[in-house]
Amino acid sequence: TVQGYSSVQGLVPVCQRLNQRRAEAEHLGISLLADGSIACRVVAAAGADPRSLRVGFEDFAAAQGVRARGGGEAPQLGESLLALLRKAAAQRRLLVDERLSAKHVLLALLEDARCGARLMREANLDRASLTAAITLLQAEHSRSK
């Protein structure tokens, strides 16, 4: 989806802002939860505060190592990011959806061993609450057409 593509594109500026060489799961979490994104609406509909969740990803990322100043190269894809994208693709297949989207990444974050599972649990998000929120927002979207 367009917003999913924007989240992936957002990885580079997030890594650059944090001065980090490797894009990991937390960087996608930060990018995904940009203000006004569909992921923010899903998280809010599930009863959690998307800004607090984003701060959790920001804090985790800030605690990671930084690169020496000067290197403006694009970040490398880290193992946790690749694993998260594989899990998101598995969620897409499980839900029999045509395109990968924010909902798949949010569901995959529940299983992210690096930081996502802990942060989602701390936000009181689980598969049931996210699935209910996704269903609600999809129904609202269908009614508004």
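Below are the figures for this structure:
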| read-out | value |
| --- | --- |
| R0 of 22 Å, Cβ-Cβ distance Arg118-Gln16: FRET efficiency to nearest 0.05 | 0.30 |
| Heavy-atom accessible surface of region 70-109: percent carbon and sulfur, 1.4 Å | 56 |
| Whole-Hz couplings from phi, Karplus 6.51/-1.76/1.60, listed for region 115-122; x for Gly and Pro | 7, x, 4, 5, 5, 5, 5, 4 |
| Within a Gaussian network of the chain (alpha carbon springs, distance under 10 Å), most fluctuating of Glu73, Glu26, Glu111 | Glu73 |
| Label selected from [x] 2, 9, 19, 20, 19, 15, 10, 5, 1; [y] 2, 10, 20, 24, 21, 12, 6, 3, 1, 0, 0; [z] 2, 10, 17, 17, 16, 13, 10, 8, 5, 2, 0, 0, the criterion being P(r) over Cα pairs in 5 Å bins from 0, in percent as computed here | [y] |
| Inter-probe distance in nm under a simple model that places probes 7 Å from Cα toward Cβ, at Asp35 and Ala89 | 3.5 |
| Positive dipole terminus of the chain, leading residue within Leu94, Leu53, Ala133 (C-beta point charges) | Leu94 |
| Computed E for Glu73/Val8 - FRET, C-beta separation, R0 25 angstrom, nearest 0.05 | 0.90 |
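The values are calculated or read from the model by the stated rules, or taken from the named source; none is laboratory data. Keep in mind that this is a model prediction, so the values were computed, not measured. Glycine also receives a Cβ, built like all others from the backbone with ideal geometry; neighbour counts cover every protein chain displayed. Protein only, heavy atoms only, side chains kept; ligands, DNA and RNA dropped before computing areas. Shrake-Rupley method; radii C 1.70, N 1.55, O 1.52, S 1.80 Å.
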